[in-house]
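J.: Before anything else, here's the structure in question.
FYI, it's all coordinate maths here, none of it is from the lab. Please read all numbers here as calculations on a predicted model, not as lab measurements. Reconstructed Cβ throughout: ideal geometry from the backbone, glycine too, with neighbour counts over all protein chains shown.
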Amino acid sequence: MAAKATLKYCRMAPRKLRVMAEMVRGRPVEEAVNLLTFTRRAAAPVIRKLILSAVANAENDGELNTSELKIKEIMVDQGPTLKRWKPRAQGRAFRINKKTSHIRIALDVE
């Protein structure tokens, strides 16, 4: 049985999160956490925290050995977009789309 964790409505564009998700997909948890700790991208701490949450779920359920966990699946989907308006010259308004993301992760033994 896989340990799972989900983050919904993350205020970051899915395209930025997918870069980090691709980087850690299929790696052992310890290696992925170390990689994300020293990566200087805004999405790295978000995904690192979610991985640690999934590890805590595995420990709490007590069915999986946490030292042998591997990232089986990580999915980044687009959530709802917040639409905002920015005033521009001559009474115009430009729309600003603030995107959100849903992230799902599943860990399993190697």
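J.: Before we move on, is Val19 outside any loop (DSSP other than H, G, I, E, B), β-branched (Val, Ile, Thr) and crowded, with 18+ Cβ neighbours inside 10 Å?
T.: No, not satisfied.
J.: For Met12, state whether it is among the aliphatic types (A, V, I, L, M) and either within 11 Å of Leu107 (Cβ to Cβ) or in contact (Cβ under 8 Å) with a residue 40 or more places away in the chain (or both).
T.: For Met12, the condition - among the aliphatic types (A, V, I, L, M) and either within 11 Å of Leu107 (Cβ to Cβ) or in contact (Cβ under 8 Å) with a residue 40 or more places away in the chain (or both) - is met.
J.: Can you name every residue in the stretch 25-52 that is outside any loop (DSSP other than H, G, I, E, B), out of contact with any helix residue (DSSP H, G or I) (no Cβ under 7 Å at 6 or more places or on another chain) and among the basic types (Lys, Arg)?
T.: If the condition is that a residue be outside any loop (DSSP other than H, G, I, E, B), out of contact with any helix residue (DSSP H, G or I) (no Cβ under 7 Å at 6 or more places or on another chain) and among the basic types (Lys, Arg), then Lys49 is the only one that fits.
J.: Right, something else. Out of Arg27, Arg40, Arg48, Arg95, I need the residue that is more than 13 Å from Ala3 (Cα to Cα), free of Cβ contacts under 8 Å to residues at least 12 places away in the same chain and not aliphatic (A, V, I, L, M). Which one?
T.: Matching residue, one of Arg27, Arg40, Arg48, Arg95: Arg40.
J.: Follow-up. Is it true that Leu7 is in a strand (DSSP E or B), buried (at least 17 other Cβ atoms within 10 Å of the Cβ) and in contact with a strand residue (DSSP E or B) (Cβ under 8 Å, 6 or more places away or on another chain)?
T.: Criteria met by Leu7.
J.: Next up: Just for the stretch 80-102: of the residues that are farther than 22 Å from Cys10 by Cα and outside any strand (DSSP E or B), which one is farthest from the chain's Cα centre (by Cα)?
T.: Among those that are farther than 22 Å from Cys10 by Cα and outside any strand (DSSP E or B), it is Gln90.
J.: Look at the stretch 60-79 and say how many of its residues are within 15 Å of Tyr9 (Cβ to Cβ) and exposed (fewer than 11 other Cβ atoms within 10 Å of the Cβ).
T.: Of the residues in that region, 0 qualify.
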